[in-house]
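Visitor: Handing you this structure, nothing more for now.
The values are calculated or read from the model by the stated rules, or taken from the named source; none is laboratory data. Please read all numbers here as calculations on a predicted model, not as lab measurements. Reconstructed Cβ throughout: ideal geometry from the backbone, glycine too, with neighbour counts over all protein chains shown.
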Amino acid sequence: MKTIQLVLAAGAALAMAGAAQAQDFQPKAAGTVMLNVRVTDVAPDAGDPITTLAGAATGLKADVDDSVMPTIGLSYFLTDNIAVEVIAGSTKHTVRAKGAGADIKVKETWVLPPTVALQYHFAPAAKVSPYVGAGVNYMFFYADKDFNGFGLDIDDGFGVALQAGADVAIQGPWSANVDVKKIFFETEAKDRFNGVKSKVSLDPWVVSAGVGYKF
């Protein structure tokens, strides 16, 4: 949560700076292509129980840490108000098994979660232009490394994304951007050595702040 607060604080500072300096700005309009480069905190909301393959309780829960990485978003405006955004980036996470005084490092893995969202921009010609969106993403786990005798396989799969954010004009085609997404994604993790598994609802908050440029 501390990382999310830092990202939000950075976003608020960018937004205030943009609002103070905005002049001769380029509004959003049909046909606009907009590139946002962001610093993003991905904060999974895990904590599901780990069971044996037969379903018996182990007293442990799955835990996945936060990760902060750069991401990019590329939007195309179909109309003045409606845009499609493709978001890309990759984050590294550590999976742990926790409970009853135990804290065991299980796996490190990279996640590539490309997301496509359809957005509605409420005030495309305004200096402060909020938007909401909804879309789909795909979670792809790769370049993983197991620890402490585990051999954890995590299933890839599709999720649903909800989004809200705002662009604040700075000058010309430049703008500041703050963006929050909630991704709903459930996967199954199964250990091939120790006979345990977990249904993991990652459901990460994805909180970003950055700078945009309109083409």
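Visitor: Give Phe147, Phe141 a once-over and let me know the one that is aromatic (Phe, Trp, Tyr), exposed (fewer than 15 other Cβ atoms within 10 Å of the Cβ) and touching a strand residue (DSSP E or B) at 6+ places or on another chain (Cβ under 8 Å).
Guide: Every option except Phe147 fails the conditions.
Visitor: If a residue has to be within 17 Å of Ser175 (Cβ to Cβ) and over 12 Å from the mean Cα position of the chain (by Cα) to count, how many in the range 32-49 make the cut?
Guide: Of the residues in the range 32-49, 6 are within 17 Å of Ser175 (Cβ to Cβ) and over 12 Å from the mean Cα position of the chain (by Cα).
Visitor: Still on this model: Please determine, by comparing only the residues of the range 1-41 that are modelled with pLDDT under 95 and assigned to a strand (DSSP E or B), which one is surrounded by the most Cβ atoms within 10 Å (Cβ to Cβ).
Guide: Checking each candidate, the answer is Phe25.
Visitor: If you scan the range 197-215, which residues turn out to be in a strand (DSSP E or B), of a type outside the set (Lys, Arg) and surrounded by fewer than 20 Cβ atoms within 10 Å (Cβ to Cβ)?
Guide: Residues of the range 197-215 that are in a strand (DSSP E or B), as a first pass: 197-201, 205-214.
With the extra rule that they be of a type outside the set (Lys, Arg), the set shrinks to 198, 200-201, 205-213.
Residues satisfying the conditions are Ser201, Trp205, Val211, Tyr213.
Visitor: Quick check: is even one residue across the range 127-138 buried (at least 18 other Cβ atoms within 10 Å of the Cβ), more than 16 Å from the chain's Cα centre (by Cα) and at pLDDT 95 or above? Step through it out loud before you land on a result.
Guide: Going residue by residue through the range 127-138, those that are buried (at least 18 other Cβ atoms within 10 Å of the Cβ) are 129, 131, 133, 135, 137.
With the extra rule that they be more than 16 Å from the chain's Cα centre (by Cα), the set shrinks to 129, 131.
Add one more test, that the residue is at pLDDT 95 or above, and what stays is 129, 131.
The answer is yes, given that some residue of the range 127-138 is buried (at least 18 other Cβ atoms within 10 Å of the Cβ), more than 16 Å from the chain's Cα centre (by Cα) and at pLDDT 95 or above.
Visitor: Select from the range 140-175 the residues that are among the acidic types (Asp, Glu) and closer than 22 Å to Thr91 by Cβ and write down the one among them that is nearest to the chain's Cα centre (by Cα).
Guide: Asp156
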